[in-house]
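The values are calculated or read from the model by the stated rules, or taken from the named source; none is laboratory data. Since the model is a prediction, treat every value here as computed from it, not as a measurement. Cβ sites come from the backbone with ideal geometry, for glycine too, and all protein chains shown count toward neighbours. These area figures cover heavy atoms from the full protein model, side chains too; ligands, DNA and RNA do not enter into them. Shrake-Rupley method; radii C 1.70, N 1.55, O 1.52, S 1.80 Å.
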Amino acid sequence: MTAELHTLTGAYALDAVPVEEAVAFERHLRGCPACGQEVQELRETAARLGRALATPPPPRLRDATLTRVAHTRQWPPSIARRGRVVKPRVALWGAAAAAVGALVFGLVTTTTDPGADPAQQQLASVNAVLTAPDAATVKGAERGTTTVVTSRSQGKIVVLAGDLPPLAAGKAYQVWLIGASGVHSAGLLAPDGPHRTQPVLADLPGGIDRVGITAEPAGGSPAPTVPAVVMVDLA
């Protein structure tokens, strides 16, 4: 059971774990600093992605919400009778909840619609990998803090890196997927602050068992030209 709990870091970081599993995982976190750090890093990444893609809701959403609120009966004040509180009727709560649900749904579809633009599609794909039932997370033990999340069902891999050694001018970090089928470029690590990079999302070819990061020319290379700065064994 403990080994299975290690795989819940991505889903837990995005609040996508059922209550029963969340309780068990929180107990696990109290005795597993590695999972605690991983959850923190994944939450920070999700927050940065959310801030980068956030857009103000359109005026029509505000008008529609205010119109719905004006026609929705609200809860009356709680009435105390002989030492007890009389709760409002459930029907009124259902109506108010429906109005709030409409507002939340509107905000979500307005700001995170995967079809809105490529950046939002990227965010949706990253979330799909992190919350996939078969998501497997591996952390690099070399320089910096590198986390790799794979999902065979999604056919995708997400690479998160931070605290890598500073690069010389004209250089960039490039991610490589390595396995029986050869070496495949997963893309360049774009800076996201002084110590972190934006996540790299790539297709996951069959037989990939390692992820490497090298320092390449700023535009990237068709194949690694120098030894890896980081090598993560997925096995």
Notebook entry, point to check: Gain in length, H184 to K171, computed as 0.36 nm per residue apart minus the alpha-carbon separation, to one decimal in nm?
Noted result: 2.8 nm
Notebook entry, point to check: How do 205-215, 222-232 rank on mean C-beta neighbours within 10 Å, highest first?
Noted result: 205-215, 222-232
Note to self: Sort 161-167, 20-26 by the packing proxy (mean of other Cβ within 10 Å over each peptide's residues), most packed first.
What the structure shows: 161-167, 20-26
Margin query: Suppose the chain between L234 and A47 were pulled fully straight at 0.36 nm per residue; how much longer would it get relative to their current alpha carbon spacing?
Written below: 64.7 nm
Next item on the list: Would you kindly derive the ³J(HN,Hα) couplings of segment 162-177 from the backbone phi angles with the Karplus curve 6.51 cos²θ - 1.76 cosθ + 1.60 (θ = phi - 60°), listing them in order in whole Hz, with x for Gly and Pro?
Entry: x, 6, 6, x, x, 9, 6, 4, x, 10, 8, 7, 10, 9, 10, 9
Check: Where in segment 8-27 does the label zone of E142 land, with the point 7 angstrom along Cα→C-beta and an amide N cut-off under 13 Å?
Finding: none
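What's the extension gain from S153 to Q122 if we count 0.36 nm per residue and subtract their Cα-Cα distance?
Details: separation 31, 0.36 × 31 = 11.16 nm, distance 1.71 nm.
Once the chain is fully extended between S153 and Q122, it gains 9.4 nm.
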Next item on the list: Return the carbon/sulfur percentage of the accessible area of segment 125-235, one whole number, probe 1.4 Å, all protein chains in place.
Entry: 56
